[in-house]
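*Asks:* Provided herewith is a single structure, encoded as structure tokens, for subsequent inquiry.
The values are calculated or read from the model by the stated rules, or taken from the named source; none is laboratory data. Computed from a predicted model, the values in this text were never measured in an experiment. Ideal geometry is used to build each Cβ from the backbone, glycine not excepted, and the neighbour counts take in all protein chains shown. Protein only, heavy atoms only, side chains kept; ligands, DNA and RNA dropped before computing areas. Shrake-Rupley method; radii C 1.70, N 1.55, O 1.52, S 1.80 Å.
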Amino acid sequence: MSYKGISNEFLEFASISIGDSIKIFKNDIIYEGMVLDKETSPEGGHMVLKLKNGHNIGSSINETKIKLVERGLKTNLNHEDNLTSINVNNSIKKDVSIISTGGTVASVVDDETGAVHPAFTAEDIIRTNPELMDQANIKGKTVLKILSENIRPKHWIKSARAVRDEIDEGAYGVVVAHGTDTMHYTASALSFILDTPVPVVLTGAQLSLDKPSSDAFMNLVNSVTAAESDLAEVMVCMHATENDSYCFLHRGTRVRKMHSTRKDAFKSINVSPMAKVQNGNVTLTDRKMHCKKRHDGEVEIKDSLEEKVAFIKSHPGISGELIDYHIDKDYKGIIIEGTGLGHCPVDITPSLQRARDSNIPVVMTSQCLYGEIDMGVYSSGRKLTAAGVIPARDMLPETALVKLMWTLGQTDDLKEVQRIMHTNIAGEIENKPS
């Protein structure tokens with residue numbers, strides 16, 4: 001196939017680089033976009049382009065002509081670098097910072113193994129999504145480059161401090177790019193650690209940026225929109241449906257990943273999503289929900305955490321030895337993920353009492369996720385209450401774990417721990433009329 005008048009402008013596949021803007025001519029169709037990935041093979045080769053509409057396409061290079069539009073920016077930003085801006089400041093636009101911690105949204109697929117690994121920095125995320133710079137003055141900072149299953153409490157602290165620094169330096173809002181597997185843990189942690197005057201929005205992707213039909217683009221665009229809103233909370237912004245139509249904003253302490261692969265994997269539990277984000281607009285979904293509003297105050301941070309909190313799932317056959325093990329290993333707190341209204345076998349009650357006598361708070365959550373703990377309905381539950389087990393009310397188990405870590409970072413007084421666990425700090429429990 002030939003294209004008259006421009007044949008001398010065509011390039012060899014080997015001469016293009018990731019980040020270049022190119023046009024490809026194939027089967028009488030012209031595509032224009034940025035190269036996200038390329039691979040050479042004995043059969044010829046393959047590339048992934050990010051089109052101007054935000055969608056990705058994959059194409060073999062067989063019977064394909066390539067024309068360079070613009071060489072891409074090269075970046076050497078790494079996770080130790082300080083704040084870096086890659087756009088010209090526009091006084092009309094708001095300043096939004098994007099903090100990258102890793103995860104699929106900042107990952108590529110290894111062509112040899114098929115494994116996903118974090119490779120993109122914050123600058124790479126911005127460079128491969130230049131539409132973000134049409135929305136705001138975007139600044140990128142890479143804090144971590146790890147998959148979210150490797151996140152530890154020390155990383156929550158590092159991320160929280162990075163968010164605080166951005167707010168202190170004038171960010172109108174902050175977006176945190178994060179892996180999806182443990183995003184709800186980090187969202188809870190930032191909710192307790194930070195008292196923020198501006199939006200802090202966590203987002204991620206189920207498909208990496210270099211893959212066709214990745215959800216990363218829409219999640220990032222809508223997260224920047226949310227970061228410019230009047231909501232001053234820690235939130236999660238992810239697809240609301242399998243279609244690329246709109247996103248939901250979920251409260252950081254009320255959200256959970258509920259599917260391993262779907263784009264709309266994240267759901268608000270026991271409450272409605274906070275808002276819908278679509279076409280540059282943020283619309284509240286529940287007018288009765290109390291949402292903190294943007295204000296001119298300073299960000300406050302309380303980042304002391306106690307890591308030695310056990311997370312134990314009750315099951316048929318569970319032994320009190322499991323509780324005793326954590327007591328003997330000097331754990332400072334225990335979360336039980338009980339059944340139903342907050343139950344576990346009565347024969348482990350003596351071990352739970354031993355924990356209480358050892359000044360170790362034991363908090364009861366439910367595997368049901370939906371609904372509320374009520375240990376006063378059955379005799380087994382009343383025995384747990386008598387043993388000093390603290391009901392988590394309608395708190396998610398993962399949120400209760402993070403909150404107990406945070407609470408024990410503030411105090412080791414058992415009565416004060418119980419008071420804080422029953423106090424609504426960041427929308428994690430329902431406020432009931434007294």
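*Asks:* Return the residues of region 332-341 that are in contact with a helix residue (DSSP H, G or I) (Cβ under 6 Å, 6 or more places away or on another chain) and farther than 14 Å from L401 by Cβ; say none if nothing qualifies.
*Replies:* none
*Asks:* Quick one: count up the residues across region 303-355 that are of a type in the set (V, I, T) and under 29 Å from the mean Cα position of the chain (by Cα).
*Replies:* The qualifying residues number 6.
*Asks:* Moving to a separate point now. Please find, among G44, G5, the residue that is part of a loop (DSSP other than H, G, I, E, B), at pLDDT below 70 and surrounded by fewer than 17 Cβ atoms within 10 Å (Cβ to Cβ).
*Replies:* G5 is the lone residue from the list that is part of a loop (DSSP other than H, G, I, E, B), at pLDDT below 70 and surrounded by fewer than 17 Cβ atoms within 10 Å (Cβ to Cβ).
*Asks:* Would you check which residues across region 182-193 are in contact with a strand residue (DSSP E or B) (Cβ under 6 Å, 6 or more places away or on another chain) and either open to solvent by 10 Å² or more (accessible area, probe 1.4 Å) or without any contact (Cβ under 8 Å) to a residue 40 or more places away in the chain (or both) and list them?
*Replies:* H184, S191
*Asks:* If D181 passes every condition in (1) more than 20 Å from S97 (Cα to Cα); (2) assigned to a helix (DSSP H, G or I) but one, which one does it miss?
*Replies:* (2)
*Asks:* Here is a list of conditions, (1) touching a residue at least 60 places away in the same chain (Cβ under 8 Å); (2) crowded, with 24+ Cβ neighbours inside 10 Å; (3) in contact with a Phe, Trp or Tyr (Cβ under 8 Å, 6 or more places away or on another chain); (4) more than 25 Å from A400 (Cα to Cα), and G173 meets all of them except one; can you say which number that is?
*Replies:* Failing condition for G173: (3).
*Asks:* Identify all residues within region 194-211 that are touching a Leu at 6+ places or on another chain (Cβ under 7 Å) and either open to solvent by 10 Å² or more (accessible area, probe 1.4 Å) or not β-branched (V, I, T) (or both); write none if there are none.
*Replies:* P199, L209, D210
*Asks:* What residue, of V174, V163, is under 20 Å from L194 (Cα atoms) and in a strand (DSSP E or B)?
*Replies:* Exactly one of V174, V163 is under 20 Å from L194 (Cα atoms) and in a strand (DSSP E or B), namely V174.
*Asks:* Filter region 320-350 down to residues that are farther than 23 Å from G376 by Cα, part of a loop (DSSP other than H, G, I, E, B) and in contact (Cβ under 8 Å) with a residue 24 or more places away in the chain and give me whichever is least open to solvent (accessible area, probe 1.4 Å).
*Replies:* Y331
*Asks:* Since V377 meets every condition but one in (1) touching a Ser or Thr at 6+ places or on another chain (Cβ under 8 Å); (2) more than 24 Å from E321 (Cβ to Cβ), which condition does it not meet?
*Replies:* All conditions are met except number (1).
*Asks:* Among the listed residues E149, E80, E112, E166, identify the single one that is surrounded by fewer than 16 Cβ atoms within 10 Å (Cβ to Cβ) and at pLDDT 85 or above.
*Replies:* E149
*Asks:* Turning to a different aspect of this structure: Out of V175, V105, V96, report the one residue that is touching a helix residue (DSSP H, G or I) at 6+ places or on another chain (Cβ under 6 Å) and either at pLDDT below 90 or farther than 19 Å from F217 by Cβ (or both).
*Replies:* Exactly one of V175, V105, V96 is touching a helix residue (DSSP H, G or I) at 6+ places or on another chain (Cβ under 6 Å) and either at pLDDT below 90 or farther than 19 Å from F217 by Cβ (or both), namely V105.
*Asks:* On the basis of being touching a Pro at 6+ places or on another chain (Cβ under 9 Å), assigned to a helix (DSSP H, G or I) and touching a residue at least 12 places away in the same chain (Cβ under 8 Å), does Q353 make the cut?
*Replies:* Judged against the criteria, Q353 is not a match.
*Asks:* Which residues, taken from region 131-181, are among the small types (G, A, S), over 21 Å from T225 (Cβ atoms) and in contact with a strand residue (DSSP E or B) (Cβ under 7 Å, 6 or more places away or on another chain)?
*Replies:* If the condition is that a residue be among the small types (G, A, S), over 21 Å from T225 (Cβ atoms) and in contact with a strand residue (DSSP E or B) (Cβ under 7 Å, 6 or more places away or on another chain), then S159, A160, A162 are the ones that fit.
*Asks:* List the helices (runs of 4 or more DSSP H) inside region 367-434, counting only whole elements, that have at least 3 residues being touching an Asp or Glu at 6+ places or on another chain (Cβ under 6 Å) and open to solvent by less than 60 Å² (accessible area, probe 1.4 Å).
*Replies:* Correct list: 397-410.
*Asks:* For region 212-305, which fully contained strands (runs of 3 or more DSSP E) count at least 2 residues that are in contact with a Pro (Cβ under 8 Å, 6 or more places away or on another chain) and crowded, with 23+ Cβ neighbours inside 10 Å? Show your work before the answer.
*Replies:* Details: elements: 234-239, 247-251, 255-257, 266-268, 275-278, 281-284.
Answer list for region 212-305: 247-251.
*Asks:* Could you tell me whether any residue of region 198-205 is under 12 Å from the mean Cα position of the chain (by Cα) and in a loop (DSSP other than H, G, I, E, B)?
*Replies:* Yes, region 198-205 contains a residue that is under 12 Å from the mean Cα position of the chain (by Cα) and in a loop (DSSP other than H, G, I, E, B).
*Asks:* Are any of the residues in region 260-275 out of contact with any Lys or Arg (no Cβ under 6 Å at 6 or more places or on another chain), free of Cβ contacts under 8 Å to residues at least 12 places away in the same chain and closer than 30 Å to L231 by Cα?
*Replies:* Yes, region 260-275 has at least one match.
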